[in-house]
Amino acid sequence: MLNGREASMNADDFRRIALSFEGAEESSHMAQPDFRVGGRIFATLASARQGYGNLMLTPEQQAAFVEELPEVFLPIAGGWGRMGMTHIRLAAADKDVLTGALRTAWKLRLEKNAKSGQKSRTSAARKKAGKNRRKKR
């Protein structure tokens, strides 16, 4: 039980919820299922056999999740974990917790995509402007 509610999510629940977010699609990375928005990963089921889903979070978000629900969240071992990659123990999570965690990862990916898209557009605009200046000479 988690906060008085029955907990017991599984990989199918993770997949269904991840794909419910706008623009989300399933793909694979290294032969493991992943979930992307704008072509970039926000979550995976690479550790499903061990009972985990994986979330791409910031280190600060990870710390908050682990502090609030240490029985549900834990950092992935090694460098990936230090960068914010986080396991969610599916059997220990309820629907609300899993949905909230996936939404956090999805939203973070959207924000990162928007920032990198702005940089790309800015670079492309600079290159185009440079070409136009050279033509005028």
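Computed over the range 1-84, the P(r) curve from all C-alpha pair distances, binned at 10 Å from the origin, holds 16, 46, 35, 3 percent per bin.
Give, rounded to the nearest 20 debye, the magnitude of the charge dipole that the range 1-120 has about its Cα centre when Lys and Arg contribute +1 at Cβ and Asp and Glu contribute -1 at Cβ. Don't skip to the end; give the middle numbers.
Values: 15 positive and 14 negative charges, 95 e Å.
It comes to approximately 460 debye.
Values in this text are rule-based calculations from the coordinates and carry no lab data. Source: prediction; values computed, not measured. Here the Cβ is made from the backbone with ideal geometry for all residues, glycine too, and neighbour counts use every protein chain on show.
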